[in-house]
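The values are calculated or read from the model by the stated rules, or taken from the named source; none is laboratory data. Everything numeric here is computed off the predicted structure, so don't read it as measured data. With ideal geometry, Cβ positions are generated from the backbone for all residues, glycine too; neighbour counts draw on all protein chains shown. Areas reflect the complete protein model, heavy atoms only, side chains present, ligands, DNA and RNA absent. Shrake-Rupley method; radii C 1.70, N 1.55, O 1.52, S 1.80 Å.
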Amino acid sequence: MQQTLVAGVRESRWRPALFIVLVIVLVLSALLSLAIGRFAVPVSHVAGILASALLPMEPWWTPVEARVVELIRIPRVLMAGLAGAGLAVAGSALQGIFRNPLVGPQIIGVSSGAAFGGALAILLSESRYLLIGLAFACGMLAMVIVYSISRQQGRASILMLVLAGIVTSAFFSALVSVTKFVADPDDKLPAIVFWLMGSFASASYEKVWLIAVPVIIGSAVIYLMRFQINVLSLGDEEAHALGVKVERTRWIALTAIALISSAVVAAAGVIGWVGLVIPHFARMLTGPDHKVLIPAAMLIGASYLIHVDNVARTAIAAEIPVGIITALIGAPIFGLLLRRTANKGWTSE
Amino acid sequence: MIDVQDLGFRYGENRVFRDVSFSLAAGKIAAILGPNGRGKTTLLKSVVGLLKPDTGTASLGGRLGYVAQRAEIAFAYKVIDIVVMGRAAHVGMFRAPGPKDYQHARNALSLLGLSGFAEQHFNRLSGGERQLVMIARALASECQVLILDEPASALDFRNQDLVLSTLRRLAEDLGLAILMTTHFPQHAAHIADYALLLQSADDAQWGSSEEMLSEEKLELLFGLPVEKVQVQRGDKTHSGILPLFS
């Protein structure tokens with residue numbers, strides 16, 4: 001049953017239908033997310049508020065509702081959507097480049113590196129630009145470290161990659177602890193702790209731009225490289241023999257991945273597992289060709305994180321950090337996927 | 001087409017081969033023979049440029065198509081997706097293959113009689129079909145030199161015949177220069193014009209197949225007596241190389 005479903009959706013004639021469904025799901029998710037919350041706004045009012053931005057019309061909603069939607073919820077939904085889309089694209093590209101559906105921005109060290117960079121930036125100043133700059137620099141640095149540890153005789157085995165990721169993440173986590181330890185406990189420490197847990201609670205249009213520009217640029221670069229990523233996913237020797245400049249191509253893609261991941265970390269903290277689970281799920285629907293996989297993962301990732309954020313802000317009276325929910329959902333799903341794919345040769349290298 | 005001069009390779013202190021020289025013209029096939037671990041694949045990779053030789057040069061007079069030994073792929077790509085990847089050298093960075101590239105891929109598939117497989121998943125094909133798809137991918141790259149690592153060694157009889165006769169046809173019809181490794185002297189005798197015997201790290205012998213695939217030379221190469229046999233079937237004479245197992 002599962003098999004036939006997967007095989008059926010993979011057929012290219014279903015592809016347009018699949019994308020239409022994914023876009024509809026995303027639009028409905030966004031509308032729903034604008035409506036729900038502790039201050040509920042009926043969907044019809046939300047639709048009116050959005051439409052009034054384009055067309056002049058008599059309001060049938062209250063000014064308070066308009067302010068909540070415009071100033072609080074729209075930036076929040078945009079941020080969650082962009083973060084989800086970005087992480088899913090970054091994860092898809094990473095999995096292709098390393099020929100393994102079991103890697104993600106976390107495993108490759110980017111998240112922990114960016115977390116340290118961000119924590120350091122909060123410690124040093126209030127500047128958002130320093131935050132994203134340091135997050136990117138340290139995310140990139142962590143990735144370079146993981147990559148150089150795992151490479152032996154010109155090859156990077158997946159096991160070595162994962163182990164190098166664990167080592168590097170542990171090191172950067174220790175550095176994060178150092179910044180926490182020296183931070184002012186009344187002021188900087190809580191800021192660092194809440195930022196690290198991952199949240200869209202402080203969403204603003206400024207932050208939307210902060211995350212939108214790197215995510216859009218990074219995703220565009222990765223989408224333009226979709227064919228090169230396909231070729232890299234055959235393995236280094238094959239790609240080289242086919243005439244691809246392996247190292248250069250890989251580094252351009254990895255830089256775009258680090259840019260996306262660290263922008264998300266800078267704007268919303270560490271949100272794990274999205275970049276690992278969503279591409280895996282998207283690949284089941286579309287097959288491995290990155291031309292289709294990347295846009296599909298993008299749409300699914302955006303819808304997913306919007307819904308996770310809905311839960312984060314409505315489930316209990318207080319806000320739950322998004323990173324906690326994605327880990328609670330992602331880790332068990334990933335465990336299941338791991339078991340299901342263990343005999344398909346994906347885990348062996 | 002392929003010109004190899006004084007090629008030598010060593011892993012650290014271990015010399016694998018030295019002073020390997022040969023040249024292969026367009027439309028000709030050469031086979032590299034040697035026991036396991038003597039460095040057939042290493043030699044092939046040095047010629048291809050995947051390994052850096054410590055002495056000598058290997059130059060290819062045309063675009064290279066390389067078919068590696070292992071044909072397994074981490075993701076479930078379709079055959080057409082795999083074959084179009086042969087166009088990688090023609091498609092620039094930040095570009096995707098266009099209609100022309102897909103046309104090249106489809107032509108390559110139809111040349112090998114694989115048109116019906118285009119939409120199938122590569123990992124579900126048999127070993128022989130996979131090998132042919134890999135050859136199709138090389139053809140899609142418009143290669144003039146085709147280098148293959150054990151293209152027929154892991155296949156059943158029928159698929160061995162299919163792959164070998166396909167290679168013969170590509171050399172004759174398209175004028176490809178083909179260099180391959182093989183475990184089976186029979187395969188070399190069947191299609192190769194030349195053979196390279198890796199007798200030892202210091203002794204690589206190049207010559208015509210008839211000269212190289214003699215009973216004495218093969219016996220020395222494999223450390224086992226071999227007997228050449230001829231079989232008459234209809235109006236065709238088949239020659240075989242029989243290992244005399246102990």
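So the values come out like this:
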quantity: Subset of A:207/A:245; B:52/B:228; B:45/B:217; A:245/B:100 violating a 28 Å alpha-carbon distance limit; calculated: A:207/A:245; B:52/B:228
quantity: Whole-percent carbon and sulfur share, accessible surface of chain A, 1.4 Å; calculated: 72 percent
quantity: 3J(HN,Hα) from dihedral phi, the stretch B:103-118, Karplus parametrisation 6.51/-1.76/1.60, rounded to Hz, x for glycine, proline; calculated: 5, 4, 5, 5, 4, 4, 5, 6, 4, 9, x, 10, 3, x, 8, 3
quantity: For the stretch A:99-178, alpha-carbon Rg over 2.2 N^0.38 Å; calculated: 1.14
quantity: Where N is the number of residues in the stretch A:160-307, Cα Rg divided by 2.2 N^0.38 Å; calculated: 1.22
quantity: Summed side-chain charge close to residue B:10 - residues other than residue B:10 whose Cβ falls under 10 Å, Lys, Arg +1, Asp, Glu -1; calculated: 0
quantity: Mean-position separation - Cα centroids, the stretch A:7-76 and the stretch A:83-113, in angstrom; calculated: 28 Å
quantity: Dipole magnitude of the protein assembly as shown about its Cα centre (Cβ charges: Lys, Arg +1; Asp, Glu -1), debye to nearest 20; calculated: 1160 debye
quantity: Per-residue HN-Hα couplings for the stretch A:273-290 [Karplus 6.51, -1.76, 1.60; θ = phi - 60°; Hz; x = Gly/Pro]; calculated: 6, 5, x, 9, 7, 5, x, 4, 5, 4, 5, 4, 7, 10, x, x, 4, 5
quantity: Shape call, the stretch A:109-245: gyration tensor on alpha carbons, a/c limit 1.5; calculated: oblate
quantity: Charge dipole magnitude, Cβ of K and R +1, D and E -1 - chain A, Cα centre, debye nearest 20; calculated: 760 debye
quantity: Net charge over other residues, Cβ less than 11 angstrom from the Cβ of residue A:290 (K, R count +1; D, E count -1); calculated: +1
quantity: Partner lysines for residue B:78 [C-alpha distance under 18 Å; skip if fewer than 8 residues away on the same chain]; calculated: A:291, A:344
quantity: Square roots of 5 times each gyration tensor eigenvalue, C-alpha, chain B, largest first, Å; calculated: 31, 23, 16
quantity: Shape call, the stretch B:1-45: gyration tensor on alpha carbons, a/c limit 1.5; calculated: oblate
quantity: Relative contact order of chain A, pairs being alpha-carbon contacts under 8 Å that are 6 or more residues apart, as %; calculated: 29 percent
quantity: Cα centroid separation - the stretch B:78-120 against the stretch B:180-202, whole Å; calculated: 31 Å
quantity: Taking all pairs of distinct alpha-carbon atoms in the stretch A:76-348, Kirkwood radius in angstrom; calculated: 18.4 Å
quantity: Histogram of C-alpha separations across the protein assembly as shown, 10 Å bin width, %; calculated: 3, 15, 22, 20, 15, 11, 7, 4, 2, 0
quantity: Delta accessible area of at least 50 Å² on complex formation, residues of the stretch A:224-242, 1.4 Å probe, chain isolated as reference; calculated: A:224, A:227, A:228, A:234, A:237, A:238, A:241, A:242
quantity: Whole-angstrom gap from the stretch B:1-69 to the stretch A:304-344, using each part's C-alpha centre; calculated: 52 Å
quantity: Listed residues A:58, B:72 arranged by accessible area, highest first, probe 1.4 Å; calculated: A:58, B:72
quantity: Sparsely packed trypsin sites (Lys or Arg not before Pro) within the stretch B:1-84, loop by DSSP, other Cβ within 10 Å at most 15; calculated: B:63, B:70
quantity: Amide H partners (placed H, <5 Å) of residue B:19, local residues excluded; calculated: B:7, B:8
quantity: Distant-in-sequence amide H partners of residue B:67 (H built 1.01 Å from N, under 5 Å); calculated: B:147, B:148, B:149
quantity: Net charge of neighbours whose Cβ lies under 12 Å from the Cβ of residue B:106, counting Lys and Arg as +1 and Asp and Glu as -1; calculated: 0
quantity: Relative contact order (percent, whole number), chain B, Cα cutoff 8 Å, 6+ residue spacing; calculated: 26 percent
quantity: Dipole in debye (nearest 20) - the stretch B:25-83, about Cα centre, beta carbon charges: Lys, Arg +1; Asp, Glu -1; calculated: 120 debye
quantity: If the convex hull is drawn through the Cα atoms of the stretch B:114-246, its volume per residue in Å³; calculated: 155 Å³
quantity: The stretch A:200-306: relative contact order in percent, alpha carbon pairs under 8 Å with at least 6 residues between; calculated: 32 percent
quantity: Equivalent ellipsoid dimensions for the stretch A:228-319 as semi-axes, Å, which come from the Cα gyration tensor, largest first; calculated: 32, 16, 8
quantity: Extreme residue, positive dipole direction of the stretch A:76-348, given options A:232, A:137, A:257 (C-beta unit charges); calculated: A:232
quantity: Trypsin sites (Lys or Arg not before Pro), loop per DSSP, at most 16 other Cβ atoms within 10 Å - longest free stretch of chain A; calculated: A:39-244
quantity: Rounded to the nearest 10 Å², the accessible area of residue A:187 at probe 1.4 Å; calculated: 90 Å²
quantity: ³J(HN,Hα) computed for each position of the stretch A:293-303 - Karplus, 6.51 cos²θ - 1.76 cosθ + 1.60, integer Hz, glycine/proline x; calculated: 4, 4, x, 5, 4, 4, 5, 5, x, 5, 4
